[in-house]
Every structure is written in C-alpha cells, then in structure tokens.
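Okay, structure first, notes after.
The values are calculated or read from the model by the stated rules, or taken from the named source; none is laboratory data. Quantities reported herein were computed from a predicted structural model and do not represent experimental measurements. Neighbour counts run over all protein chains shown; Cβ positions are idealised from the backbone, glycine included.
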Amino acid sequence: MRSLLLVSAALTVIAAPAMAQSVSAPQYYGTLGYTQLKSDGADLGAITGRVGARLHPNFGVEAEGSIGVNDDDFTVGAVTGTVEEKFDVAAYGVATLPVTDRFDVFGRVGYGTTRLKAEAAGVSQSDSTESINYGVGANYYLDGQNGVRADYTRREFRGSGAGNADTYGLSYVRRF
C-alpha cells in the first residue's frame, strides 16, 4: 500500500511544475469496461464508465460511475445471503506520465461513494459508504483515438470499522 502512495506522490511531483503552464486545449476521453471489486467480505463485479479531461500532458481530472453486475454469496453461521454493488461514483485528480506516443502510466487520487445491498433470510439492507480512493494504471493506444486501460484502485471507506476494497479494471479508451 505504501508503494502505491509513493508512486502516486512521485507522479504528482513530476506533474506539479507542468500544472503552472497554461492550458491550450484539453484532451477529452471516455472509457467503458469491467471492474472487479474485492474486499474481505465480497468479490463483486461492475460495468464502469469514465469521462475525463487531460488539462495538460501530465495532469487531468476524471469522473467514474459503476453499476454492479456480479453478486457474491456469503454465509454467517447458519445464515446464507447475497451481497451486490448497486452503484458507485467517484471523482479523481490524475497525474500522467507519457512513456511513448502510445503508452502512458498514471496515478490518481479521489473521493467516492459506494452503495451496497445485502439480502439474507428474507431481510434486505442497503447502505452507502464514502471512500478515499487512490491507485495506478496504464493506457495503451492502438491508434490516435482508441486504446485499452488497466488500473488498480484502493478504496478506504470512511467511518469506524468500514474497511477497504481493492478494484481491478480493464477498459476500452476513446479519445475525443
């Protein structure tokens, strides 16, 4: 976990001098893909979409939203049930390091909310939890507009005993 924070911090330090330069033309992008969410109590899946703006070659912002598509079963004592991600939304600051014309790596830090629903023994409960999110990833562009993205994000949920989750995503990227 500390290495992820160090990589994100290093990317931010690299991008900091570049942020002082003027913004000429933001580069907009969107992604659509699958995200796997793993926590101590669940292994869930979601379809994730993002929109972002690269305000500078090394700095940008993005918003993401996911809708759960893969539930998980759990057992507590003699009771079995199901947990599902209803949705999540988040906003991020993104520091990018272009490696080549077609490949770049990035670190991101943001804030989000996740809504989960659990059902057991005929009882259903939904709850939303906010989180501080941070992670790293890479984009590989097949041409000037189309590419693939792989990313890892850690969600540290707020509140006592709230826990955390790791997400792993693979997405199609389209630059506009």
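Brief remarks on what is shown
- In summary, VAL105 fulfils each of the numbered conditions (1) more than 23 Å from VAL69 (Cα to Cα); (2) under 14 Å from the mean Cα position of the chain (by Cα) with the single exception of condition (2).
- Sole exception among (1) more than 22 Å from PHE176 (Cα to Cα); (2) touching a helix residue (DSSP H, G or I) at 6+ places or on another chain (Cβ under 6 Å) for GLY107, by number: (1)
- Test for ILE67: is it within 30 Å of PRO26 (Cβ to Cβ) and exposed (fewer than 14 other Cβ atoms within 10 Å of the Cβ): yes
- Selection of the range 108-131 for residues being under 19 Å from ALA42 (Cα atoms) and either under 17 Å from the mean Cα position of the chain (by Cα) or hydroxyl-bearing (Ser, Thr, Tyr) (or both) yields GLY112, THR113, THR114, ARG115, LEU116, SER124, SER126, SER128, THR129, GLU130, SER131.
- When the criteria are applied in full, ARG174 meets the requirement of being within 18 Å of ARG54 (Cα to Cα), exposed (fewer than 15 other Cβ atoms within 10 Å of the Cβ) and at pLDDT 95 or above.
- Single condition LEU32 does not satisfy, out of (1) modelled with pLDDT of 95 or more; (2) surrounded by 14 or more Cβ atoms within 10 Å (Cβ to Cβ); (3) not aromatic (Phe, Trp, Tyr): (2)
- All told, TYR140 meets the bar of being among the hydroxyl-bearing types (Ser, Thr, Tyr) and surrounded by fewer than 17 Cβ atoms within 10 Å (Cβ to Cβ).
- Positions within the range 84-107 being closer than 16 Å to THR35 by Cα and surrounded by 17 or more Cβ atoms within 10 Å (Cβ to Cβ), in sequence order: GLU84, GLU85, ASP88, ALA90
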